[in-house]
Amino acid sequence: MSDIAGELARVREAFDRPTLRLLDRKWAPFVLAVFKASFSRDRRSVQADRLHTQVDAYLADLRSIGSEVPGKNGRALCVQWMNDQWLYRETGEDDEEQYSLTSHALEALLLVDGLSRDRALISESRLTTIVDTVRHRATQANPDRDERIRRLDLEIAEKAAERDRLAAGGEIAAASNDQMHEGYANLIDLITQLPSDFKRVEESVAGMHRQIVNDFRAEERPISEVLDEYLSKTDALMSSTAEGRAFEGAFVLLRNDALLSELKNDLESILLHPFALELSAADRRSFMGTVSLIRKGVDDVLTQRNGLTTTLREHIVNHDVVKDRELERLLREINKELAVWMHTAGPRSTVTAELMPGTLELEHLRERFYDPGAHKAPPPLEDVSAFAPEPPSLDAMRTQGGPLLEELRDAMVTAFTERGAASVGDAFNSLEPAMRRPVEILGLMQIATQVDAVRHTDGADAPTEDFDTVRPDGTRRTFRVPRITLTDDDTAALAALNYGPDHD
(Lines give C-alpha, C1' and ligand atoms only; values in the text may rest on other atoms or scores of the structure.)
Protein backbone atom coordinates (compact mmCIF):
# COMPACT_ATOMS: atom_id res chain seq x y z
CA MET A 1 0.00 0.00 0.00
CA SER A 2 2.85 2.38 0.76
CA ASP A 3 4.28 2.03 -2.76
CA ILE A 4 0.97 2.65 -4.50
CA ALA A 5 0.16 5.52 -2.15
CA GLY A 6 3.47 7.18 -2.96
CA GLU A 7 2.98 6.70 -6.69
CA LEU A 8 -0.57 8.10 -6.42
CA ALA A 9 0.73 11.18 -4.61
CA ARG A 10 3.36 11.77 -7.28
CA VAL A 11 0.82 11.34 -10.08
CA ARG A 12 -1.60 13.73 -8.39
CA GLU A 13 1.17 16.26 -8.00
CA ALA A 14 1.92 15.96 -11.73
CA PHE A 15 -1.74 16.41 -12.64
CA ASP A 16 -1.88 19.56 -10.48
CA ARG A 17 0.74 21.18 -12.69
CA PRO A 18 -0.57 23.66 -15.27
CA THR A 19 0.75 21.52 -18.15
CA LEU A 20 -1.42 18.50 -17.43
CA ARG A 21 -4.32 20.67 -16.28
CA LEU A 22 -4.29 22.21 -19.75
CA LEU A 23 -4.35 18.80 -21.45
CA ASP A 24 -7.06 17.52 -19.11
CA ARG A 25 -9.61 20.30 -19.79
CA LYS A 26 -12.67 20.01 -22.04
CA TRP A 27 -11.52 22.85 -24.27
CA ALA A 28 -7.89 21.71 -24.41
CA PRO A 29 -7.94 21.10 -28.22
CA PHE A 30 -9.34 24.59 -28.82
CA VAL A 31 -6.85 26.28 -26.46
CA LEU A 32 -3.85 24.50 -27.97
CA ALA A 33 -5.08 25.22 -31.51
CA VAL A 34 -5.33 28.93 -30.65
CA PHE A 35 -1.81 28.89 -29.18
CA LYS A 36 -0.39 27.15 -32.26
CA ALA A 37 -2.14 29.58 -34.63
CA SER A 38 -1.20 32.73 -32.68
CA PHE A 39 2.35 32.00 -31.53
CA SER A 40 5.39 30.56 -33.23
CA ARG A 41 9.16 30.45 -32.85
CA ASP A 42 9.44 33.79 -34.68
CA ARG A 43 6.39 35.34 -32.98
CA ARG A 44 6.91 34.79 -29.26
CA SER A 45 4.59 37.56 -28.06
CA VAL A 46 1.35 39.12 -29.34
CA GLN A 47 -0.06 42.52 -28.45
CA ALA A 48 -2.92 42.05 -25.96
CA ASP A 49 -5.76 43.70 -27.91
CA ARG A 50 -4.67 41.93 -31.09
CA LEU A 51 -4.79 38.51 -29.41
CA HIS A 52 -8.26 39.29 -28.02
CA THR A 53 -9.42 40.11 -31.56
CA GLN A 54 -7.76 37.00 -33.01
CA VAL A 55 -9.45 34.73 -30.48
CA ASP A 56 -12.82 36.34 -31.25
CA ALA A 57 -12.20 35.67 -34.97
CA TYR A 58 -11.26 32.03 -34.26
CA LEU A 59 -14.44 31.58 -32.22
CA ALA A 60 -16.56 33.01 -35.03
CA ASP A 61 -14.89 30.84 -37.66
CA LEU A 62 -15.40 27.65 -35.65
CA ARG A 63 -19.02 28.52 -34.86
CA SER A 64 -19.69 29.08 -38.57
CA ILE A 65 -18.71 25.46 -39.33
CA GLY A 66 -20.68 24.05 -36.40
CA SER A 67 -17.80 23.34 -34.00
CA GLU A 68 -18.48 23.58 -30.28
CA VAL A 69 -16.48 26.41 -28.68
CA PRO A 70 -16.40 28.19 -25.30
CA GLY A 71 -19.12 30.75 -24.64
CA LYS A 72 -16.78 33.55 -23.52
CA ASN A 73 -15.24 36.24 -25.69
CA GLY A 74 -11.55 36.62 -26.56
CA ARG A 75 -10.66 38.96 -23.71
CA ALA A 76 -12.31 36.80 -21.05
CA LEU A 77 -10.65 33.65 -22.38
CA CYS A 78 -7.18 35.27 -22.42
CA VAL A 79 -7.63 36.46 -18.83
CA GLN A 80 -8.74 32.95 -17.82
CA TRP A 81 -5.73 31.38 -19.55
CA MET A 82 -3.47 33.86 -17.82
CA ASN A 83 -4.95 32.90 -14.43
CA ASP A 84 -4.42 29.23 -15.34
CA GLN A 85 -0.70 30.01 -15.93
CA TRP A 86 -0.81 29.27 -19.65
CA LEU A 87 -0.39 32.88 -20.76
CA TYR A 88 1.88 35.55 -19.32
CA ARG A 89 1.08 39.26 -19.75
CA GLU A 90 3.81 41.87 -19.58
CA THR A 91 4.62 45.35 -20.85
CA GLY A 92 6.72 45.39 -24.02
CA GLU A 93 9.33 47.83 -25.23
CA ASP A 94 6.69 50.20 -26.69
CA ASP A 95 4.79 50.30 -23.34
CA GLU A 96 2.01 48.12 -24.77
CA GLU A 97 0.74 45.05 -22.95
CA GLN A 98 1.45 41.78 -24.72
CA TYR A 99 0.90 38.07 -24.13
CA SER A 100 3.45 35.29 -24.34
CA LEU A 101 3.20 31.55 -23.67
CA THR A 102 4.38 30.19 -20.35
CA SER A 103 6.65 27.20 -20.06
CA HIS A 104 3.61 25.05 -19.16
CA ALA A 105 1.86 25.95 -22.41
CA LEU A 106 5.06 25.34 -24.38
CA GLU A 107 5.43 21.90 -22.77
CA ALA A 108 1.84 21.03 -23.67
CA LEU A 109 2.38 22.12 -27.27
CA LEU A 110 5.61 20.13 -27.39
CA LEU A 111 3.78 17.04 -26.17
CA VAL A 112 0.99 17.47 -28.71
CA ASP A 113 3.48 18.07 -31.53
CA GLY A 114 5.37 14.94 -30.52
CA LEU A 115 2.17 12.89 -30.62
CA SER A 116 0.97 14.38 -33.92
CA ARG A 117 4.14 13.82 -35.95
CA ASP A 118 6.22 10.77 -36.72
CA ARG A 119 8.38 10.37 -33.64
CA ALA A 120 11.94 9.16 -34.02
CA LEU A 121 11.99 5.59 -32.73
CA ILE A 122 15.02 3.48 -31.95
CA SER A 123 17.56 4.15 -34.66
CA GLU A 124 21.26 4.25 -35.36
CA SER A 125 21.25 8.02 -34.84
CA ARG A 126 19.58 7.86 -31.45
CA LEU A 127 21.72 5.01 -30.22
CA THR A 128 24.86 6.78 -31.46
CA THR A 129 23.84 9.92 -29.59
CA ILE A 130 23.31 7.90 -26.41
CA VAL A 131 26.61 6.02 -26.76
CA ASP A 132 28.59 9.23 -27.50
CA THR A 133 27.01 11.08 -24.60
CA VAL A 134 27.59 8.20 -22.17
CA ARG A 135 31.22 7.88 -23.32
CA HIS A 136 31.82 11.62 -22.92
CA ARG A 137 30.25 11.77 -19.45
CA ALA A 138 32.05 8.61 -18.33
CA THR A 139 35.36 10.20 -19.33
CA GLN A 140 34.50 13.31 -17.33
CA ALA A 141 33.28 11.30 -14.35
CA ASN A 142 36.34 9.06 -14.06
CA PRO A 143 39.04 10.81 -12.00
CA ASP A 144 41.71 8.21 -12.91
CA ARG A 145 44.41 9.96 -14.94
CA ASP A 146 45.64 6.79 -16.69
CA GLU A 147 42.12 5.79 -17.71
CA ARG A 148 41.42 9.24 -19.16
CA ILE A 149 44.70 9.17 -21.11
CA ARG A 150 43.83 5.69 -22.40
CA ARG A 151 40.44 6.90 -23.65
CA LEU A 152 41.99 9.96 -25.33
CA ASP A 153 44.68 7.82 -26.99
CA LEU A 154 42.03 5.43 -28.28
CA GLU A 155 39.97 8.30 -29.70
CA ILE A 156 43.05 9.89 -31.29
CA ALA A 157 44.03 6.56 -32.87
CA GLU A 158 40.54 6.10 -34.32
CA LYS A 159 40.50 9.61 -35.75
CA ALA A 160 44.05 9.29 -37.14
CA ALA A 161 43.26 5.96 -38.81
CA GLU A 162 40.17 7.44 -40.47
CA ARG A 163 42.12 10.49 -41.62
CA ASP A 164 44.89 8.34 -43.09
CA ARG A 165 42.34 6.19 -44.91
CA LEU A 166 40.70 9.25 -46.47
CA ALA A 167 44.07 10.81 -47.32
CA ALA A 168 45.04 7.59 -49.13
CA GLY A 169 41.99 7.88 -51.39
CA GLY A 170 39.63 5.73 -49.37
CA GLU A 171 35.95 5.69 -50.28
CA ILE A 172 33.66 8.17 -48.53
CA ALA A 173 30.42 6.48 -47.55
CA ALA A 174 27.60 8.99 -48.05
CA ALA A 175 24.71 8.84 -45.60
CA SER A 176 21.44 7.62 -47.07
CA ASN A 177 18.24 9.64 -46.96
CA ASP A 178 16.80 7.30 -44.35
CA GLN A 179 19.79 7.76 -42.08
CA MET A 180 19.66 11.54 -42.47
CA HIS A 181 15.92 11.55 -41.74
CA GLU A 182 16.52 9.56 -38.55
CA GLY A 183 19.25 11.92 -37.42
CA TYR A 184 17.16 14.97 -38.32
CA ALA A 185 14.19 13.68 -36.32
CA ASN A 186 16.48 13.03 -33.36
CA LEU A 187 17.85 16.60 -33.53
CA ILE A 188 14.37 18.10 -33.86
CA ASP A 189 13.29 16.27 -30.69
CA LEU A 190 16.14 17.93 -28.83
CA ILE A 191 15.75 21.39 -30.41
CA THR A 192 12.00 21.64 -29.80
CA GLN A 193 12.57 21.23 -26.06
CA LEU A 194 14.75 24.36 -25.87
CA PRO A 195 12.01 27.06 -25.79
CA SER A 196 10.22 25.53 -22.79
CA ASP A 197 13.56 25.05 -20.97
CA PHE A 198 14.50 28.70 -21.44
CA LYS A 199 10.98 29.80 -20.52
CA ARG A 200 11.17 27.92 -17.21
CA VAL A 201 14.39 29.75 -16.30
CA GLU A 202 12.81 33.05 -17.36
CA GLU A 203 9.74 32.38 -15.22
CA SER A 204 11.90 31.43 -12.24
CA VAL A 205 13.77 34.75 -12.51
CA ALA A 206 10.48 36.62 -12.97
CA GLY A 207 9.09 34.90 -9.86
CA MET A 208 12.16 35.98 -7.89
CA HIS A 209 11.63 39.50 -9.22
CA ARG A 210 8.02 39.63 -8.01
CA GLN A 211 8.95 38.17 -4.62
CA ILE A 212 11.73 40.69 -4.04
CA VAL A 213 9.52 43.61 -5.09
CA ASN A 214 6.85 42.43 -2.66
CA ASP A 215 9.46 42.10 0.10
CA PHE A 216 10.68 45.64 -0.58
CA ARG A 217 7.15 47.04 -0.52
CA ALA A 218 6.18 45.17 2.62
CA GLU A 219 9.22 46.61 4.48
CA GLU A 220 8.89 43.83 7.03
CA ARG A 221 12.50 42.68 6.69
CA PRO A 222 15.79 44.56 6.47
CA ILE A 223 17.12 45.22 2.97
CA SER A 224 20.27 43.26 3.72
CA GLU A 225 18.22 40.16 4.49
CA VAL A 226 16.28 40.50 1.24
CA LEU A 227 19.51 40.90 -0.74
CA ASP A 228 21.09 37.87 0.92
CA GLU A 229 18.04 35.81 0.02
CA TYR A 230 18.21 37.05 -3.59
CA LEU A 231 21.87 36.08 -3.91
CA SER A 232 21.29 32.65 -2.43
CA LYS A 233 18.29 32.03 -4.73
CA THR A 234 20.29 33.14 -7.75
CA ASP A 235 23.08 30.72 -6.91
CA ALA A 236 20.58 27.93 -6.32
CA LEU A 237 18.73 28.66 -9.58
CA MET A 238 21.84 28.53 -11.74
CA SER A 239 23.57 25.64 -9.99
CA SER A 240 20.91 23.43 -8.39
CA THR A 241 18.16 23.26 -11.03
CA ALA A 242 18.27 21.51 -14.38
CA GLU A 243 16.92 24.63 -16.12
CA GLY A 244 19.61 26.83 -14.57
CA ARG A 245 22.39 24.46 -15.52
CA ALA A 246 21.05 24.29 -19.07
CA PHE A 247 21.02 28.07 -19.23
CA GLU A 248 24.59 28.31 -17.99
CA GLY A 249 25.67 25.79 -20.62
CA ALA A 250 23.91 27.72 -23.38
CA PHE A 251 25.46 30.94 -22.12
CA VAL A 252 28.91 29.40 -22.34
CA LEU A 253 28.11 28.23 -25.87
CA LEU A 254 27.07 31.71 -26.98
CA ARG A 255 30.30 33.22 -25.68
CA ASN A 256 32.31 30.83 -27.88
CA ASP A 257 32.15 32.49 -31.32
CA ALA A 258 34.19 29.75 -32.97
CA LEU A 259 31.84 27.05 -31.67
CA LEU A 260 28.77 29.02 -32.82
CA SER A 261 30.26 29.47 -36.28
CA GLU A 262 31.01 25.77 -36.48
CA LEU A 263 27.46 24.95 -35.38
CA LYS A 264 26.01 27.15 -38.14
CA ASN A 265 28.24 25.51 -40.72
CA ASP A 266 27.21 22.05 -39.53
CA LEU A 267 23.52 22.96 -39.81
CA GLU A 268 24.08 24.20 -43.35
CA SER A 269 25.96 21.02 -44.24
CA ILE A 270 23.04 18.88 -43.04
CA LEU A 271 20.58 20.86 -45.19
CA LEU A 272 22.82 20.48 -48.23
CA HIS A 273 22.18 16.71 -48.19
CA PRO A 274 19.59 15.54 -50.76
CA PHE A 275 17.21 14.42 -47.99
CA ALA A 276 16.56 18.11 -47.18
CA LEU A 277 14.70 18.48 -50.48
CA GLU A 278 11.90 16.46 -48.89
CA LEU A 279 11.57 18.99 -46.04
CA SER A 280 9.25 21.96 -46.26
CA ALA A 281 10.59 25.50 -46.45
CA ALA A 282 9.30 26.15 -42.93
CA ASP A 283 11.13 23.08 -41.58
CA ARG A 284 14.40 24.13 -43.22
CA ARG A 285 14.04 27.70 -41.97
CA SER A 286 13.25 26.49 -38.46
CA PHE A 287 16.22 24.10 -38.47
CA MET A 288 18.63 26.83 -39.60
CA GLY A 289 17.26 29.10 -36.88
CA THR A 290 18.57 26.87 -34.09
CA VAL A 291 21.37 29.26 -33.17
CA SER A 292 18.96 32.20 -33.22
CA LEU A 293 16.61 30.18 -31.02
CA ILE A 294 19.34 29.61 -28.44
CA ARG A 295 20.45 33.23 -28.60
CA LYS A 296 16.88 34.52 -28.22
CA GLY A 297 16.25 32.27 -25.21
CA VAL A 298 19.41 33.43 -23.49
CA ASP A 299 18.58 37.07 -24.27
CA ASP A 300 15.11 36.69 -22.72
CA VAL A 301 16.59 35.22 -19.53
CA LEU A 302 19.25 37.92 -19.37
CA THR A 303 16.56 40.58 -19.87
CA GLN A 304 14.61 39.22 -16.92
CA ARG A 305 17.75 39.02 -14.81
CA ASN A 306 18.78 42.54 -15.81
CA GLY A 307 15.32 43.77 -14.85
CA LEU A 308 15.69 42.15 -11.47
CA THR A 309 19.15 43.65 -11.01
CA THR A 310 17.84 47.08 -12.05
CA THR A 311 15.03 46.84 -9.51
CA LEU A 312 17.51 45.99 -6.79
CA ARG A 313 19.86 48.79 -7.77
CA GLU A 314 17.13 51.41 -8.00
CA HIS A 315 15.67 50.40 -4.67
CA ILE A 316 19.04 50.48 -2.99
CA VAL A 317 20.02 53.80 -4.59
CA ASN A 318 16.65 55.44 -4.11
CA HIS A 319 15.93 53.85 -0.77
CA ASP A 320 14.70 56.44 1.65
CA VAL A 321 17.89 56.53 3.66
CA VAL A 322 17.59 60.29 4.08
CA LYS A 323 13.95 59.99 5.06
CA ASP A 324 14.81 57.23 7.52
CA ARG A 325 17.40 59.49 9.12
CA GLU A 326 14.96 62.43 9.20
CA LEU A 327 12.29 60.21 10.75
CA GLU A 328 14.78 58.90 13.31
CA ARG A 329 15.89 62.44 14.16
CA LEU A 330 12.25 63.59 14.40
CA LEU A 331 11.38 60.71 16.74
CA ARG A 332 14.35 61.52 18.93
CA GLU A 333 13.26 65.16 19.15
CA ILE A 334 9.69 64.08 19.96
CA ASN A 335 10.97 61.78 22.69
CA LYS A 336 13.13 64.57 24.05
CA GLU A 337 10.19 66.99 24.10
CA LEU A 338 7.97 64.38 25.75
CA ALA A 339 10.58 63.65 28.37
CA VAL A 340 10.89 67.36 29.23
CA TRP A 341 7.12 67.82 29.24
CA MET A 342 6.53 64.77 31.45
CA HIS A 343 9.03 66.07 34.00
CA THR A 344 7.72 69.65 34.07
CA ALA A 345 3.96 69.34 33.45
CA GLY A 346 1.49 69.20 36.28
CA PRO A 347 -1.08 66.46 36.89
CA ARG A 348 -3.85 68.34 35.02
CA SER A 349 -1.77 69.73 32.17
CA THR A 350 -3.17 69.30 28.68
CA VAL A 351 -1.83 69.57 25.18
CA THR A 352 -3.78 71.53 22.57
CA ALA A 353 -4.21 69.58 19.33
CA GLU A 354 -6.01 70.57 16.14
CA LEU A 355 -9.19 68.66 15.47
CA MET A 356 -8.59 68.66 11.70
CA PRO A 357 -5.22 68.73 9.94
CA GLY A 358 -4.18 71.87 8.15
CA THR A 359 -4.57 72.45 4.42
CA LEU A 360 -1.76 71.16 2.29
CA GLU A 361 -0.27 73.49 -0.28
CA LEU A 362 0.12 71.43 -3.45
CA GLU A 363 1.22 72.80 -6.79
CA HIS A 364 -0.90 70.34 -8.74
CA LEU A 365 -3.43 67.70 -7.80
CA ARG A 366 -4.49 65.18 -10.37
CA GLU A 367 -8.19 65.53 -11.12
CA ARG A 368 -8.73 62.84 -13.72
CA PHE A 369 -7.64 59.23 -13.43
CA TYR A 370 -7.26 56.50 -15.95
CA ASP A 371 -10.54 55.44 -17.51
CA PRO A 372 -10.41 52.12 -19.39
CA GLY A 373 -13.52 53.14 -21.29
CA ALA A 374 -11.64 56.00 -22.94
CA HIS A 375 -9.45 53.52 -24.82
CA LYS A 376 -12.25 51.35 -26.15
CA ALA A 377 -12.63 51.11 -29.90
CA PRO A 378 -15.53 53.13 -31.36
CA PRO A 379 -18.70 51.22 -32.24
CA PRO A 380 -18.83 49.85 -35.80
CA LEU A 381 -20.28 52.12 -38.44
CA GLU A 382 -23.87 51.43 -39.48
CA ASP A 383 -24.25 49.99 -42.96
CA VAL A 384 -26.34 52.55 -44.87
CA SER A 385 -25.28 51.48 -48.35
CA ALA A 386 -28.88 50.43 -49.10
CA PHE A 387 -30.04 54.06 -48.72
CA ALA A 388 -27.31 55.58 -50.91
CA PRO A 389 -28.63 57.42 -54.01
CA GLU A 390 -27.88 56.12 -57.46
CA PRO A 391 -24.58 57.53 -58.71
CA PRO A 392 -24.78 59.90 -61.72
CA SER A 393 -23.66 58.73 -65.12
CA LEU A 394 -20.34 59.79 -66.61
CA ASP A 395 -22.07 62.12 -69.08
CA ALA A 396 -24.02 63.79 -66.28
CA MET A 397 -20.83 64.27 -64.26
CA ARG A 398 -19.08 65.81 -67.29
CA THR A 399 -21.83 68.42 -67.65
CA GLN A 400 -20.92 69.65 -64.15
CA GLY A 401 -17.18 69.72 -64.82
CA GLY A 402 -14.75 72.20 -66.35
CA PRO A 403 -14.50 73.35 -69.94
CA LEU A 404 -14.13 70.77 -72.71
CA LEU A 405 -10.96 72.22 -74.22
CA GLU A 406 -10.46 69.62 -76.95
CA GLU A 407 -14.06 69.87 -78.22
CA LEU A 408 -13.93 73.67 -78.04
CA ARG A 409 -10.72 73.74 -80.09
CA ASP A 410 -12.22 71.58 -82.83
CA ALA A 411 -15.45 73.62 -82.85
CA MET A 412 -13.57 76.94 -83.09
CA VAL A 413 -11.36 75.69 -85.93
CA THR A 414 -14.43 74.50 -87.83
CA ALA A 415 -16.31 77.76 -87.21
CA PHE A 416 -13.47 79.98 -88.47
CA THR A 417 -12.30 77.85 -91.42
CA GLU A 418 -15.60 76.51 -92.75
CA ARG A 419 -18.31 78.89 -91.58
CA GLY A 420 -16.26 82.09 -91.61
CA ALA A 421 -17.07 83.18 -88.06
CA ALA A 422 -16.46 86.87 -87.43
CA SER A 423 -15.41 86.56 -83.79
CA VAL A 424 -15.12 84.08 -80.93
CA GLY A 425 -18.54 85.11 -79.64
CA ASP A 426 -20.08 84.61 -83.06
CA ALA A 427 -18.53 81.13 -83.26
CA PHE A 428 -19.68 80.29 -79.70
CA ASN A 429 -23.30 81.29 -80.32
CA SER A 430 -23.40 78.95 -83.33
CA LEU A 431 -22.41 75.89 -81.32
CA GLU A 432 -24.77 73.18 -80.08
CA PRO A 433 -26.41 73.82 -76.65
CA ALA A 434 -24.26 71.12 -74.98
CA MET A 435 -21.14 73.13 -75.94
CA ARG A 436 -22.48 76.49 -74.74
CA ARG A 437 -22.27 76.03 -70.97
CA PRO A 438 -21.16 79.16 -69.05
CA VAL A 439 -17.93 77.43 -68.05
CA GLU A 440 -16.98 77.06 -71.70
CA ILE A 441 -16.41 80.84 -71.87
CA LEU A 442 -13.46 80.35 -69.52
CA GLY A 443 -12.14 77.65 -71.83
CA LEU A 444 -12.37 80.02 -74.80
CA MET A 445 -10.45 82.67 -72.88
CA GLN A 446 -7.71 80.13 -72.15
CA ILE A 447 -7.52 79.05 -75.80
CA ALA A 448 -7.41 82.64 -77.03
CA THR A 449 -4.58 83.43 -74.62
CA GLN A 450 -2.59 80.43 -75.79
CA VAL A 451 -2.71 81.49 -79.46
CA ASP A 452 -2.25 85.25 -78.70
CA ALA A 453 -5.58 86.17 -80.29
CA VAL A 454 -6.41 89.83 -80.86
CA ARG A 455 -8.59 91.29 -78.10
CA HIS A 456 -10.25 94.63 -78.71
CA THR A 457 -9.98 95.76 -75.10
CA ASP A 458 -8.09 99.08 -75.40
CA GLY A 459 -9.84 102.07 -73.95
CA ALA A 460 -13.07 102.56 -72.04
CA ASP A 461 -15.21 102.07 -75.14
CA ALA A 462 -13.73 98.69 -76.09
CA PRO A 463 -16.22 96.61 -78.08
CA THR A 464 -17.92 93.63 -76.43
CA GLU A 465 -20.15 90.87 -77.62
CA ASP A 466 -22.82 88.66 -76.05
CA PHE A 467 -22.30 85.00 -75.31
CA ASP A 468 -25.63 83.15 -75.16
CA THR A 469 -25.06 80.23 -72.74
CA VAL A 470 -27.21 77.20 -71.92
CA ARG A 471 -26.86 75.56 -68.51
CA PRO A 472 -27.13 71.75 -68.15
CA ASP A 473 -30.66 72.16 -66.69
CA GLY A 474 -31.75 74.06 -69.85
CA THR A 475 -31.84 77.57 -68.41
CA ARG A 476 -30.22 80.33 -70.47
CA ARG A 477 -28.10 83.30 -69.55
CA THR A 478 -26.24 85.92 -71.57
CA PHE A 479 -22.71 87.07 -70.69
CA ARG A 480 -21.02 90.11 -72.14
CA VAL A 481 -17.38 89.43 -72.98
CA PRO A 482 -14.70 91.57 -74.72
CA ARG A 483 -14.73 90.94 -78.45
CA ILE A 484 -11.97 88.57 -79.67
CA THR A 485 -11.12 87.78 -83.28
CA LEU A 486 -8.81 85.13 -84.76
CA THR A 487 -6.55 85.57 -87.77
CA ASP A 488 -5.61 82.75 -90.14
CA ASP A 489 -2.34 82.30 -88.24
CA ASP A 490 -4.27 82.16 -84.98
CA THR A 491 -6.58 79.51 -86.41
CA ALA A 492 -3.59 77.44 -87.55
CA ALA A 493 -1.99 77.74 -84.11
CA LEU A 494 -5.33 76.82 -82.57
CA ALA A 495 -5.52 73.64 -84.66
CA ALA A 496 -2.02 72.67 -83.46
CA LEU A 497 -2.93 72.85 -79.76
CA ASN A 498 -2.85 69.49 -77.97
CA TYR A 499 -5.49 68.74 -75.35
CA GLY A 500 -5.29 64.97 -75.57
CA PRO A 501 -4.24 62.49 -72.79
CA ASP A 502 -0.56 63.48 -73.17
CA HIS A 503 -1.33 67.18 -72.65
CA ASP A 504 0.69 68.63 -69.70
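The values are calculated or read from the model by the stated rules, or taken from the named source; none is laboratory data. If you're wondering where the values come from, they're calculated on a predicted model, not measured in any experiment. Cβ placement follows ideal geometry from the backbone for every residue including glycine, while neighbour counts extend to all protein chains displayed. When the accessible area is computed, the model is the full protein with side chains, heavy atoms only, and any ligands, DNA or RNA have been set aside. Shrake-Rupley method; radii C 1.70, N 1.55, O 1.52, S 1.80 Å.
Keeping every protein chain present and rolling a 1.4 Å probe, give me the accessible area per residue for region 9-88 in Å².
59
What pairs from LYS72/LYS296; LYS159/LYS199; LYS159/LYS264 go past 31 Å between their alpha carbons?
LYS72/LYS296; LYS159/LYS199
Give the residue list of GluC sites (Glu not before Pro) in region 155-201 that are DSSP loop and have at most 14 other beta-carbon atoms within 10 angstrom.
Answer by residue number: GLU171.
By average Cβ neighbour count within 10 Å, what is the ranking of 484-494, 264-274, 198-208 from highest down?
198-208, 484-494, 264-274
Which order, highest average first, do 49-60, 100-111, 470-481 follow once you tally other Cβ atoms within 10 Å for each residue and take the mean per peptide?
Listed from highest to lowest mean packing, they are 100-111, 49-60, 470-481.
What are the extents of the Cα atoms of region 4-48 along their three principal axes, in Å, largest first?
If we take the Cα atoms of region 4-48, the spans are 45, 21, 17 Å.
Solvent-accessible area per residue for region 329-436 at a 1.4 Å probe radius, Å²?
91
Which whole-Hz couplings ³J(HN,Hα) result when phi for each residue of region 419-433 is put into the Karplus expression 6.51 cos²θ - 1.76 cosθ + 1.60, θ = phi - 60°, listed in order with x for Gly and Pro?
Those phi angles translate into 9, x, 4, 7, 8, 5, x, 4, 5, 5, 5, 8, 6, 5, x Hz.
Between GLU333 and ALA57, how many nm apart are label points set 7 Å from Cα along the C-beta direction?
6.5
Quick one: what are the phi-derived ³J(HN,Hα) couplings along region 43-58, Karplus 6.51/-1.76/1.60 with θ = phi - 60°, whole Hz, x for glycine and proline?
Result, ordered by residue: 10, 7, 9, 10, 4, 4, 4, 5, 5, 4, 5, 4, 5, 4, 5, 4 Hz.
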